[in-house]
Amino acid sequence: MTKDKLIVALDFSTLEQAQRCVLACGEEVTYYKVGMELYYSAGNEMIAFLKEHRKQIFLDLKLQDIPNTVSRAVRVLTRLGVDMINVHATGGLKMMQAARQSVHEEAQRAGITAPKLIAVTVLTSMDEAEFAALNYKTTVADQVVALAKLAQQAGLDGVVASPQEAAQIRQTCGKDFLIVTPGVRPAGAATQDQSRITTPVQAIKNGADCIVVGRPITQAADPQTAAHAIQQEINHKG
């Protein structure tokens, strides 16, 4: 049983909003995701705040560019001392390999633990129709698994994927491959802009190591109570 299975997405536009949410969740949440909106707004101030409160940090910037650019970017991000960062698997094998090398070299140079490096597969907002419009000649699930295998070949620690593909990734990539799943909604919660979703307990049963939950917690009247309910569900597998 561990609280590290729940990562709360701090999808806020200001430092003050995000800080209030972290304080409201108290000790119930140990792991937070800082995405583009918050990082572009509050940047390293938010990272420093979370570290001061002894929280783990998933820096979700979804890097994708030529290998050299991503390689140099992840060196900078590694020095922040966060626990996990990500790139897009569609950036390709060479990009992911370059990122992995830079993360480990920079962590060693700085004398810190290297953050987990994971790859985004197919965004959880996409359904089959939207995916088909991109002219891929495969299903979403097959593409997700193919990208997971590519990320593993590149030496990455794991992937971001919808909980609907978690079981197949686990079967294909093995027990030590990290699977982080957004697109998780407690029973009865609104789906909002997510398409390929499941409940927290189903995501864990499917093989996810960590689930990412945002608005069902951050927009709740009592974020701590909402987080506690999800912790209870995933810890007791329903």
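Structural remarks
- Close amide H partners of Lys55, meaning residues 5 or more places away or on another chain with modelled amide H under 5 Å apart, do not exist here.
- Estimated inter-spin distance, Leu61 and Asp176, nm [label 7 Å along Cα→Cβ]: 2.9
- Reachable lysines, given that their alpha-carbon falls under 25 Å from the alpha-carbon of Lys116 and they are not under 8 places away in the same chain: Lys3, Lys5, Lys33, Lys51, Lys55, Lys62, Lys94, Lys149, Lys175, Lys205
- Classification of the chain by its C-alpha gyration tensor yields an oblate form. The axis ratio a/c (a ≥ b ≥ c) is 1.5 or more, and b/c is at least a/b.
- Checking every one of the trypsin sites (Lys or Arg not before Pro) in the stretch 10-65 against DSSP loop status and a limit of 13 other Cβ atoms within 10 Å picks out Arg54.
- Label point distance in nm, Ser13-His53, each placed 7 Å from Cα along Cα→Cβ: 2.1
- Taking the DSSP beta bridges with both ends in the stretch 89-238, the antiparallel portion is around 0 percent.
- Counted charge near Thr225, where neighbours are those whose Cβ lies closer than 14 Å (Asp, Glu -1; Lys, Arg +1): -4
Read the figures in this text as sums done on the coordinates, not as results from a lab. In this text the structure is predicted, and so the values were computed from the model without any measurement. Ideal geometry is used to build each Cβ from the backbone, glycine not excepted, and the neighbour counts take in all protein chains shown.
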